[in-house]
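In what follows, a single structure is set out as structure tokens and then discussed.
The values are calculated or read from the model by the stated rules, or taken from the named source; none is laboratory data. Note that the coordinates shown come from a computational prediction; the quantities given were computed from them, not determined experimentally. We place every Cβ from the backbone using ideal geometry, glycine too, and count neighbours over all the protein chains shown. Please note that ligands, DNA and RNA were not included when accessible areas were found on the heavy atoms of the full protein model with its side chains. Shrake-Rupley method; radii C 1.70, N 1.55, O 1.52, S 1.80 Å.
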Amino acid sequence: ADTHTEQIADTNSSEFDELFEQLKKIKENNETIDVNVQERIRGGLRVVYNNMPLFLPSSHFSLKRSPSEDSLNSAIGQTFSVHIHELQEDETKRKTVIVSRKHKLEEEFWNSIKVGDIVEGNVSSVATFGIFIDLGGAEGLIHVSRLSNSHVEDTKSFAKKGQTLKVVVVEVNRNKKRIALSMKEFEESPWTNIAEKYPNGTKVKGIVRRFTEFGAYVELSPGIDGLLRTSELSWTRRLQRPADLLTIGQEIEVEVLNSNAEKRTVALSYKKTTTNPWEQLKEKYAVGTEL
């Protein structure tokens, strides 16, 4: 800010002494003042409060680190509510007052945003775990699990930096300054009428997507992963883990045991797509047969 003091009108006259002391008290009480923007100068804007010239740096003009030149120029003639950011007085009694809009804008932003809001924002960055959206200075995250009802393999192919997306606010944590967003709400849920799509006893093909301690998840269609428990893998083998029989990406045929749209679950069986050897046991190994 020191590099800009020469651009601020001389404030070492006695008429500003009393006003300078008033601004000290305003800063101590964390209060705001209304200033009028006079002109665009190097590093920010010259603003006036009771005829006293003050300095509003570009970095404190909005929630964005680098506001556009158009937004700064369009502010000329407007009146803004600001906080006193810094008060300076050198050995020659020259006074410089630096003000900021950031705190005020942040307060307004966090007071206005709430869960359930539908907002639009530009993609600021794309990570493997999700997409960050610029909501006007504050960033929100669409976790990869909330991008779509279908499984998203690659976030970078889903959206590009600068792209505008419509999202739903699903969580707001003001203390940690975190906003969770979602896009799934704009798609019809693939679980609608799941019982009609996959009736009990239906044999369908699916792709093994991931393993758990108790089984494997098999993708039946985009957004629909059914659970194949380890106990439903084989009639005769006592498998300890699904990886002993299956591999990730493998296409297998399974039978639907039951489905629940409300709980978003589909129970599957792999062994029921084959003949149960225990049903033929009496014929194959009749009582009294010598082996």
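Matching residues to (1) open to solvent by 40 Å² or more (accessible area, probe 1.4 Å); (2) in a strand (DSSP E or B); (3) without any contact (Cβ under 8 Å) to a residue 12 or more places away in the chain:
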site	(1), (2), (3)
34	yes, yes, no
40	yes, yes, no
48	no, yes, no
53	no, yes, no
56	no, yes, no
64	yes, no, no
77	yes, no, no
Every residue from region 258-291 that is of a type in the set (A, V, I, L, M, F, W, C) and either at pLDDT below 90 or open to solvent by 50 Å² or more (accessible area, probe 1.4 Å) (or both): 261, 278, 281, 286, 287, 291
Under 7 Å between Cβ atoms, which residue pairs at least 6 apart in sequence (or on different chains) link something in region 238-250 that is under 13 Å from residue 208 (Cα atoms) with a partner that is of a type in the set (Gly, Ala, Ser) and outside any loop (DSSP other than H, G, I, E, B)? 242/215; 242/216; 246/216
Candidate set from region 151-168 (those that are in a strand (DSSP E or B) and of a type outside the set (A, V, I, L, M, F, W, C)); member that is surrounded by the fewest Cβ atoms within 10 Å (Cβ to Cβ): 164
Over region 86-121, the set of residues in contact with a helix residue (DSSP H, G or I) (Cβ under 7 Å, 6 or more places away or on another chain), over 30 Å from residue 141 (Cα atoms) and either open to solvent by 60 Å² or more (accessible area, probe 1.4 Å) or of a type in the set (D, E, K, R) (or both) is 95
It is to be established whether one or more residues within region 171-194 are in a loop (DSSP other than H, G, I, E, B), more than 29 Å from the chain's Cα centre (by Cα) and over 20 Å from residue 107 (Cα atoms). yes
